[in-house]
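> I have a structure I would like to understand better, so I am pasting it below and will then ask my questions one at a time.
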Amino acid sequence: MKILFTTLALIGLSTLGLQAEEAKVAAGNLNFTLPASGWTSVPTSSPMRAATLKIEVEGAEPLEAIFYYFGPGQGGDTKANIDRWLGQFASPPESKTEELDANGTKISLVTATGTYNDGAMFGPKTPKADYTLLGAIIPGPDAPVFIKLTGPKDAVAKITEDFKKLSLSPFAAK
């Protein structure tokens, strides 16, 4: 019995140095690497969603990042999507659009803060003050992937850098 416990203890110690496999989510023929902790893939709630992530944020309710992929020729161009996202605010939000370079692939990242009109596209809206929208438009092999996340400004600020890394991850050097 003592030998069994010793063997199990040695096996346990020898596996401490092993790295856990990185969590990934696929959308539109691209594979995205999830940030190290607090980001998990959950079942989608709509056929329009390619993937959904739940993000644990200290001191806040969990956030949700939604991946959209509509296929070749669908989903609109970058400007149309940015305009649509900004139009989801009660009045023009404080916003900026950045172009990120992912090893030669240009990714558009939108950050907008203001009173966000939350709700389904054609349903009633609930105004939410001091909300931030993070949006990424990522070119895919045949069509773009769109990632959208909204939440309280302070909570979103805590995960903005991880959102950028997620957006760049399909093109990260291996």
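Rule-based calculations on the coordinates, nothing more; no lab input. On a predicted model such as this, the values are computed, not experimentally measured, just so you know. Neighbour counts run over all protein chains shown; Cβ positions are idealised from the backbone, glycine included.
> Which net charge results for the neighbourhood of I66, defined as the other residues with beta-carbon distances under 9 angstrom from its beta-carbon, given Lys and Arg at +1 and Asp and Glu at -1? List each step's numbers first, then the result.
Values: positive: R49, K148; negative: E64.
Net charge around I66: +1.
> For F171, F32, what ranking results if the residue with the fewest other Cβ atoms within 10 Å of its Cβ goes first?
Details: F171 16, F32 26.
With the sparsest Cβ surroundings first, the list reads F171, F32.
> Can you compute the charge dipole magnitude of segment 12-119 about its Cα centre, using +1 on each Lys and Arg Cβ and -1 on each Asp and Glu Cβ, nothing else charged? Give it in debye, rounded to the nearest 20. Please list the in-between numbers first.
On the way: 7 positive and 13 negative charges, 64 e Å.
It works out to roughly 300 debye.
> Take the alpha-carbon centre of segment 107-123, take the same for segment 142-159, and report the distance between them in whole Å.
Each part reduced to its Cα centre gives a spacing of 9 Å.
> Using all Cα-Cα distances in segment 42-136, what percent lands in each 10 angstrom bin from 0 up to the longest?
Reading upward from the zero bin: 14, 40, 40, 6, 0.
> Under the rule of -39500 (n - 2.57) per DSSP H run of 4 or more residues, summed and divided by the residues of the chain, what mean residue ellipticity at 222 nm is obtained, to the nearest 500 deg cm²/dmol?
On the way: 3 runs with 38 residues, N = 174.
It comes out at -7000 deg cm²/dmol, rounded to the nearest 500.
> Report ³J(HN,Hα) in whole Hz for each residue of segment 124-129, in order, from the Karplus equation J = 6.51 cos²θ - 1.76 cosθ + 1.60 where θ = phi - 60°; Gly and Pro get x.
x, 10, 10, x, 10, 6
> Is there a pair in K24/K125; K96/K165; K54/K96; K125/K165 whose C-alpha atoms are over 27 Å apart, and which pairs would that be?
Values: K24/K125 32 Å; K96/K165 18 Å; K54/K96 24 Å; K125/K165 31 Å.
Going by Cα-Cα distance, K24/K125; K125/K165 fall outside the 27 Å limit.
> Hey, another quick one. Mind giving me the nanometre distance, one decimal, between the label points for E161 and S46, set 7 Å out from Cα along Cα→Cβ?
3.2
> Ok, one more. Can you tell me the convex hull volume per residue for the chain, based on C-alpha atoms, in Å³ to the nearest whole number?
On the way: hull volume 27.6 nm³, N = 174.
Taking only Cα atoms, the chain has a hull volume of 159 Å³ per residue.
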